[in-house]
Amino acid sequence: MRNSRHSTVVLLVLFLLSLGPQAFSGQKTSITTVQEQDRYLRMADNFFIIYDPSTAMAVPYKQSGLTRLEMEKKIIRKSNDSLPELGWQAGLYPHWKGGLWLNGSPKAFKPYYRLHNFDKKQYGQAIDRLPTNATGPPMLQIALMKLEYLLGLAGRTQVFLFSNGQDSRVKGVKEPDPLAQAKKLAKNYDVCFTIISSAKDAAEKKLLTDMAAVNSC
């Protein structure tokens, strides 16, 4: 897991804190909030978790007996269990769901937890609804395109993005390159990216590393 230049950002605990630093990518991890004399300091105002339910996550995760998709859900649940309620705006969205993607259409987002005030119990119920049966190809570019219509919130927004660095295209449909889209978002909004990587080859790993470093949060 790689944080944008290892910045101090939104969540109380790192997704991988309880699972050890080698979960998913094995990349260097960094703590995402500050605890000061038993007071939790909120270092960002909003956060999104972007869940990857694609077939790329249907492979076993090490010797855990879980698929990568099941491990995604476990990581998110453990994170939520440790979160205090500090007045965040929060959302839980898939990269995509089956059906036509229409830019800017609210019905195209199909969230598990639509962006609004963070409620720990309701967020936990949304996590329970996350699928563990993979469907469809990886659509990293769609996840980033969605964010363009969800950002613009007051304050800093932290995005936690699960990905293996792959994206799938429909012939004849023009869509942005994931890195170019991430740079565009970083230029136009106060946003930081934390990538939970399951990339395998060098090009995919480089893409996700470059995305995590699009700004100096």
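Readers should treat all values here as calculations from the given coordinates under stated rules, not as data from a laboratory. Quick caveat, the model's predicted, so the values are computed rather than measured. Every residue, glycine among them, receives a Cβ derived from its backbone with ideal geometry; neighbour counts consider all protein chains shown.
Residue-wise HN-Hα couplings along region 74-84, as the Karplus relation 6.51 cos²θ - 1.76 cosθ + 1.60 with θ = phi - 60° gives them from phi, are 5, 4, 5, 5, 4, 5, 4, 4, 9, 7, x Hz; Gly and Pro carry x. Across region 112-129, computed HN-Hα scalar couplings (Karplus, 6.51 cos²θ - 1.76 cosθ + 1.60, θ = phi - 60°) run 7, 9, 5, 3, 6, 4, 6, 10, 4, 5, 5, 5, x, 5, 5, 4, 4, 7 Hz from first to last residue, x flagging Gly and Pro.
Loop-located trypsin sites (Lys or Arg not before Pro) in region 135-174 (DSSP state other than H, G, I, E, B) with a sparse environment of at most 14 neighbouring Cβ atoms within 10 Å: ARG169, LYS171, LYS174. Dipole of region 106-174 (Lys/Arg Cβ +1, Asp/Glu Cβ -1, origin at the Cα centre): which of ASN117, LEU161, GLY136 lies farthest to the positive side? After comparing all options, I get GLY136. Taking a ≥ b ≥ c as the square roots of the eigenvalues of the alpha carbon gyration tensor, region 109-177 is oblate, as a/c is not under 1.5 and a/b does not beat b/c. Maximal additional length on extending the GLN63-ASP128 stretch stands at 21.1 nm, based on 0.36 nm per residue less the C-alpha distance. In this rough spin-label picture, where each label sits 7 Å from Cα along the Cβ direction, the LYS184-LYS78 distance is 3.6 nm.
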